[in-house]
Amino acid sequence: MTGAALLDQLAARVRAMEGTAPARDPLPTLPALSRVVPGGLLRGATYEVAASLSLSTALLAGPSAAGGWCAVVGVPELGAEAAAALGVALERTILVPSPGEHWPHVVGALADVTDAILLRPPLAVRDGEAQRVAARLRQHRTTLVVLADRPGVWPRPQGRLEVSESSWTGVGEGHGHLQRRRVTVSATGRGGRPHRTPLWLDTMVEPDAPVVTLPGRLEVAS
């Protein structure tokens with residue numbers, strides 16, 4: 001069976017399992033990300049995240065934890081246990097670890113059956129490719145989170161996010177273990193000024209909020 005036939009078969013199975021019309025409201029985020037993307041993730045929009053798998057996965061976790069279907073394309077190092085600890089529902093997550101040059105077709109097919117897709121494109125994305133994929137996303141109101149090795153990989157995203165500051169706790173004077181990671185996330189919308197939000201990246205709570213320790217944490221981060 002060809003890759004295209006497999007995707008079509010998977011799409012049919014997901015539609016049968018959903019059994020309801022797609023929602024029209026913005027996709028929810030984890031509570032700690034409410035100030036990073038106020039109002040939630042826009043359906044049909046693309047968000048670029050610079051070199052942080054942890055932050056990218058956290059964006060996917062919001063809609064996934066709320067019952068949505070998600071996909072991860074081109075990220076073979078994603079840890080299932082760590083993703084689940086952030087709230088990603090693995091039973092509703094489609095993994096395509098190595099799409100290669102066929103990633104636009106894969107993303108286009110998955111847009112038909114998912115609410116949000118996390119993608120790491122293999123190379124810088126050409127403007128024409130981005131426009132065709134964006135049109136497909138808008139048609140199906142699917143949100144795309146692009147994990148970029150460097151800023152500017154995806155032309156004209158709805159927003160760009162990056163970890164601008166990072167520090168660890170738990171290490172004393174030459175002893176101890178890395179325990180928690182405090183970061184500042186900078187988010188910039190189209191034509192807007194960046195706004196900065198402090199977070200604990202391992203637990204996804206705000207620094208001054210009560211800490212709820214999760215059963216795992218993402219190991220790969222910027």
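Quick check on residue 72: is it under 24 Å from residue 127 (Cα atoms), modelled with pLDDT of 95 or more and over 12 Å from the mean Cα position of the chain (by Cα)?
For residue 72, the condition - under 24 Å from residue 127 (Cα atoms), modelled with pLDDT of 95 or more and over 12 Å from the mean Cα position of the chain (by Cα) - is not met.
Yes/no per residue for (1) open to solvent by 40 Å² or more (accessible area, probe 1.4 Å); (2) aromatic (Phe, Trp, Tyr); (3) outside any strand (DSSP E or B):
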{"residue": "72", "(1), (2), (3)": "no, no, no"}
{"residue": "76", "(1), (2), (3)": "yes, no, yes"}
{"residue": "103", "(1), (2), (3)": "no, yes, yes"}
{"residue": "134", "(1), (2), (3)": "no, no, yes"}
{"residue": "138", "(1), (2), (3)": "yes, no, yes"}
{"residue": "144", "(1), (2), (3)": "no, no, no"}
{"residue": "152", "(1), (2), (3)": "yes, no, yes"}
{"residue": "157", "(1), (2), (3)": "no, no, yes"}
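Residue 222 - would you say it is more than 18 Å from the chain's Cα centre (by Cα) and at pLDDT below 85?
Considered against the rule, which asks whether it is more than 18 Å from the chain's Cα centre (by Cα) and at pLDDT below 85, residue 222 comes out as no.
Within region 186-213, count every residue that is modelled with pLDDT under 75, surrounded by 15 or more Cβ atoms within 10 Å (Cβ to Cβ) and not β-branched (Val, Ile, Thr).
4
Taking the stated definitions as given, is residue 162 open to solvent by 50 Å² or more (accessible area, probe 1.4 Å) and modelled with pLDDT of 85 or more?
So residue 162 passes the test.
Which residue, of 121, 97, is closer than 30 Å to residue 200 by Cα and over 14 Å from the mean Cα position of the chain (by Cα)?
97
Conditions first: (1) part of a strand (DSSP E or B); (2) crowded, with 21+ Cβ neighbours inside 10 Å. Residue 95 passes all but one, so which condition is the exception?
For residue 95, the exception is condition (2).
When you look at residue 82, is it buried (at least 18 other Cβ atoms within 10 Å of the Cβ), part of a strand (DSSP E or B) and touching a residue at least 24 places away in the same chain (Cβ under 8 Å), yes or no?
Criteria not met by residue 82.
Report every pair of residues separated by at least 6 positions or lying on different chains whose Cβ atoms are under 6 Å apart, first residue within region 141-158 and aromatic (Phe, Trp, Tyr), second in a loop (DSSP other than H, G, I, E, B).
Note: pairs meeting the criteria are 154/125.
Looking at residue 111, is it more than 12 Å from the chain's Cα centre (by Cα), buried (at least 22 other Cβ atoms within 10 Å of the Cβ) and touching a residue at least 12 places away in the same chain (Cβ under 8 Å)?
Taking the combined requirement at face value, the residue satisfies it.
Pick from region 32-53 the residues that are without any contact (Cβ under 8 Å) to a residue 60 or more places away in the chain, out of contact with any Leu (no Cβ under 8 Å at 6 or more places or on another chain) and not hydroxyl-bearing (Ser, Thr, Tyr): which of them is farthest from residue 69 (Cα to Cα)?
38
For region 13-49, which positions are open to solvent by 50 Å² or more (accessible area, probe 1.4 Å), at pLDDT 60 or above and either closer than 30 Å to residue 150 by Cα or of a type in the set (Gly, Ala, Ser) (or both)?
Correct list: 26, 28, 31, 34, 35, 38, 39, 42.
The values are calculated or read from the model by the stated rules, or taken from the named source; none is laboratory data. All values derive from a computational prediction rather than experimental measurement. As a convention, Cβ positions derive from the backbone with ideal geometry for all residues, glycine included, and neighbour counts pool all protein chains shown. Note: accessible area is taken over every heavy atom of the protein model, side chains too, but ligands, DNA and RNA are not part of it. Shrake-Rupley method; radii C 1.70, N 1.55, O 1.52, S 1.80 Å.
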